[in-house]
1. Quick one: Val326 ticks every box in (1) out of contact with any helix residue (DSSP H, G or I) (no Cβ under 7 Å at 6 or more places or on another chain); (2) surrounded by 13 or more Cβ atoms within 10 Å (Cβ to Cβ) except a single one, so which number is it?
2. Looking at (1) out of contact with any Cys (no Cβ under 7 Å at 6 or more places or on another chain); (2) of a type outside the set (Gly, Ala, Ser); (3) more than 10 Å from the ligand (Cβ to nearest atom), can you tell me which one Asn167 breaks?
3. Out of the residues in the stretch 289-332 that are within 16 Å of the ligand (Cβ to nearest atom) and among the small types (Gly, Ala, Ser), which is nearest to the chain's Cα centre (by Cα)?
4. For Ala280, are the conditions met, namely being within 20 Å of Arg10 (Cβ to Cβ) and in a helix (DSSP H, G or I)?
5. For the stretch 200-214, check the following and say yes or no: at least one residue is in contact (Cβ under 8 Å) with a residue 60 or more places away in the chain and within 11 Å of the ligand (Cβ to nearest atom).
6. Test of understanding: among Gly69, Gly54, Gly76, which residue is in contact with a strand residue (DSSP E or B) (Cβ under 7 Å, 6 or more places away or on another chain) and in contact (Cβ under 8 Å) with a residue 40 or more places away in the chain?
7. If Arg244 meets every condition in (1) without any contact (Cβ under 8 Å) to a residue 12 or more places away in the chain; (2) within 11 Å of the ligand (Cβ to nearest atom); (3) among the charged types (D, E, K, R) apart from one, which number is that one?
8. Which count do you get for residues in the stretch 233-271 that are more than 14 Å from His329 (Cα to Cα), part of a helix (DSSP H, G or I) and not charged (D, E, K, R)?
Amino acid sequence: MPFNADRYDRMQYRRCGRSGLMLPVISLGMWHNFGEKADHQTCVDMTKTAFDLGVTHFDLANNYGPPPGSAEERVGRILRDEFKAHRDELFISSKAGYRMWPGPYGEWGGKKYLVSSLDQSLKRLGLDYVDIFYHHRPDPDTPLEETLGALDLIVKQGKALYAGISNYRGANYVDAVKTMKQHEWAPITIHQPVYNMTNRWIEMDLLKHTDSHGAGVIVFSPLAQGMLTSKYLDPMKPIPEQSRAADPDGYLKTEQVTPQLIEKVRTLAKTAEARGQTMAQFALAWTLRDPRVTSAIIGARNPQQVTDCVKAAENLRFTKEELAEVDRHFPV
Ligand code: NDP
């Protein structure tokens with residue numbers, strides 16, 4: 001089946017800071033549910049459903065799995081089998097920062113690790129280049145010059161089109177920008193922080209900096225790994241079997257799904273309903289209410305969740321009362 005001819009009319013695209021890059025407001029990430037034990041056909045269906053709805057951006061990292069590397073391998077297979085004619089319509093990212101192989105060169109921010117890791121990612125993905133390559137987490141021990149110099153090298157070699165950083169706090173980000181400018185290196189086009197109603201740190205510490213330096217912001221875990229959806233609201237089945245919290249490989253632990261949090265979500269789900277949105281759509285739309293947020297990267301376990309999430313983009317406007325309601329439950 002060919003992809004929908006009107007897929008680009010269905011999605012909104014935002015400019016990433018002051019760059020030439022446009023990203024869909026909803027992107028799809030492969031941190032969970034694309035590893036070795038995933039059902040391949042479901043993964044194919046999720047990626048094809050997303051692309052059909054105008055989601056042009058897939059977010060990966062070297063360590064996504066489990067085991068690490070397996071999500072990139074699976075997406076490599078999907079790109080080869082399903083998207084061969086569409087590489088130039090897709091925006092694929094990868095990252096390095098977390099442990100990938102034993103010994104002193106298998107994690108953090110040294111040049112040897114970053115360059116070798118991207119070479120491995122490109123092989124797994126079957127690509128000549130990724131569209132964004134991120135340093136995944138700040139490295140307290142490696143000089144920033146070395147890490148950022150490696151990103152610049154990778155961009156100059158054409159192995160990545162844009163450089164990004166992830167999980168850097170505001171002050172780290174500003175240091176990184178100064179370093180790039182001082183050396184006239186490739187700019188940091190994009191920052192990838194966590195952002196959702198339960199974790200609002202970027203409002204205080206990041207957005208003013210990225211905005212003034214012209215970088216975009218793509219937020220991860222906008223649904224707080226599923227807690228900001230109606231997934232955990234059934235009192236008879238507080239942790240459904242088919243959920244990240246029930247999955248031994250899932251990063252979300254059962255004890256994080258507290259009754260206090262669920263009570264707040266239960267109340268907000270009513271506000272969502274009054275707006276004509278599901279709780280997931282409401283939580284996603286809320287992260288996108290600020291135009292300085294370029295895109296929100298969702299995770300999904302099936303194509304229905306992708307479709308539900310993408311519909312969030314149909315209403316990104318909030319009344320003062322709705323915003324106050326969120327603030328009351330989840331203050332900044
Ligand atoms: P989310 O907060 O979007 O959580 C995804 C989970 O929410 C899904 O697995 C599913 O849970 C649930 N969900 C999604 N849509 C719906 C829906 N419509 N209705 C009900 N439940 C829904 O994001 P993730 O935590 O998965 O992170 C997204 C991406 O961000 C990652 O894949 C990765 O690309 C990136 N990321 C980056 C990090 C970094 O350090 N840079 C760190 C973490 C993520 P369930 O499986 O329970 O059904």
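1. (1) is the only condition that Val326 fails.
2. Just one mismatch for Asn167, condition (3).
3. Ala296
4. yes
5. No, the stretch 200-214 contains no residue that is in contact (Cβ under 8 Å) with a residue 60 or more places away in the chain and within 11 Å of the ligand (Cβ to nearest atom).
6. Residue meeting the stated conditions: Gly54.
7. Every listed condition holds for Arg244 apart from (1).
8. Within the stretch 233-271, residues that are more than 14 Å from His329 (Cα to Cα), part of a helix (DSSP H, G or I) and not charged (D, E, K, R) number 4.
All of the numbers you see were taken from the coordinates with simple rules; none came from a lab. Remember, it's a predicted structure, so these values are computed and weren't measured experimentally. Using ideal geometry, Cβ is built from the backbone for each residue, glycine included, and neighbour counts are taken over all protein chains shown.
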